[in-house]
Every structure is written in C-alpha cells, then in structure tokens.
Amino acid sequence: MKFIKKQTISTVITLIALVFAIVSIILFSINSKDSAAQGLFNFTSVDSTLMAESVLEIVFLALILALSEFKIGGLIGSIEEWLIWAIKIIVCVLPVLALIGFLSLRVQGLANLYFSDENIQATMQATPGYMEAASLAIKSAVMYGVTAVLACVAAFFRPYKKVKKEASLEQAA
C-alpha cells in the first residue's frame, strides 16, 4: 500500500501510456501480418521505422518509470531529473511520429475502402478480411493517438513528489 501511495500522477499516467503503447504495437503487428491488410494497404512487410519508434517508445516509458522510483540527491540527482525530463520530451514526440507514420501507411487503403465510388466501395467491402483489417487499422491508430496524448500529459507532471519544506525543517530540529 505504501508503494501505491508513493507514486506520483506522472508515474501513473506513464504506466497507463506504457500499457497503451504495448497494445498499439501488438495491434500494429497483427495488422501488418494479415494477408487481407497487405492487400488492402499495398505493402508486403512490417515498416521497420514504425516498429523501431514503437519499441523505443516502450523502452523510454519503462526507463522513465524505473528512474522515477529512485530519488538521488546532489548533482547526480539533478542530472537524473534532467534526464527524465529529456526522455519525457522524446516520449512525447515518438508516439506522434509513430501515429503519423502509421496513418501514412494506411490512409490510401482506408480511403479506397470508405470513400471510393459506390461500385468500387461495394466490391472492396465484400472482399473477406478487408473490413476487419480496416477496423484493426483504426483501432491501432486510436491506440497510438491515446498513447501520444497520455505521454504528453505525463510530461507536464513532476517525476517525484515535491518535498514539503516545513516537514523537512521539523525533522531537522
């Protein structure tokens, strides 16, 4: 119970962002391996740049969580806090880049499926797996978007709880 009370809002939001990042990379991987998705979105393999951005995002979120658990004093502590802030900025950028990359890979197939003329649209929507692939692509995009928002919100909060000066003065006396 003390461990849970010790956590900051930044840690909780970062943990939720980590979960969403893991879910989004899983959905992206499933969507990329699906043969119907490969036909709909005109690709043959997983985009390595998008996968690298997603993996780096997960690693950096985990690093933020690990570093924020240890409060070190002095010069090393201030360097650690600056490092956490720098990583938080990077973590704000990575999911946005991943979302843009993901949408750029999927936009043509989604446009063909939903916004073509009626004959093409009916033919594509009748193709087995295309609607499921499109639905999974939309879910993946939403997960990347939620991860981006959560990572940006978490960046505005302190990685450590603020120490009350009155309490520390009373302890010193």
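The values are calculated or read from the model by the stated rules, or taken from the named source; none is laboratory data. Worth saying up front: this structure is predicted, and the values here are computed from it rather than measured. We place every Cβ from the backbone using ideal geometry, glycine too, and count neighbours over all the protein chains shown. When the accessible area is computed, the model is the full protein with side chains, heavy atoms only, and any ligands, DNA or RNA have been set aside. Shrake-Rupley method; radii C 1.70, N 1.55, O 1.52, S 1.80 Å.
State yes or no: is V146 within 25 Å of T49 (Cβ to Cβ), free of Cβ contacts under 8 Å to residues at least 60 places away in the same chain and assigned to a helix (DSSP H, G or I)? The answer is no for V146.
Only residues that are in a helix (DSSP H, G or I) and open to solvent by 40 Å² or more (accessible area, probe 1.4 Å): list them for region 68-80, please.
Going residue by residue through region 68-80, those that are in a helix (DSSP H, G or I) are 74-80.
Listed by number, the residues that qualify are G74, L75, I76, S78, I79.
In region 6-28, the residues that are assigned to a loop (DSSP other than H, G, I, E, B) form Cβ pairs under 7 Å with partners that are open to solvent by less than 70 Å² (accessible area, probe 1.4 Å), at six or more places apart or across chains, as follows: T8/P159; T8/Y160.
The lone criterion from (1) farther than 19 Å from M51 by Cα; (2) modelled with pLDDT under 85; (3) in a helix (DSSP H, G or I); (4) open to solvent by 80 Å² or more (accessible area, probe 1.4 Å) left unmet by L113 is number (4).
Looking at S29, S35, just one residue is within 20 Å of I138 (Cα to Cα) and open to solvent by 50 Å² or more (accessible area, probe 1.4 Å), and that residue is S35.
When we screen V153, V96 for residues that are at pLDDT 85 or above, open to solvent by less than 70 Å² (accessible area, probe 1.4 Å), over 20 Å from V12 (Cα atoms) and in contact with a helix residue (DSSP H, G or I) (Cβ under 7 Å, 6 or more places away or on another chain), the only hit is V96.
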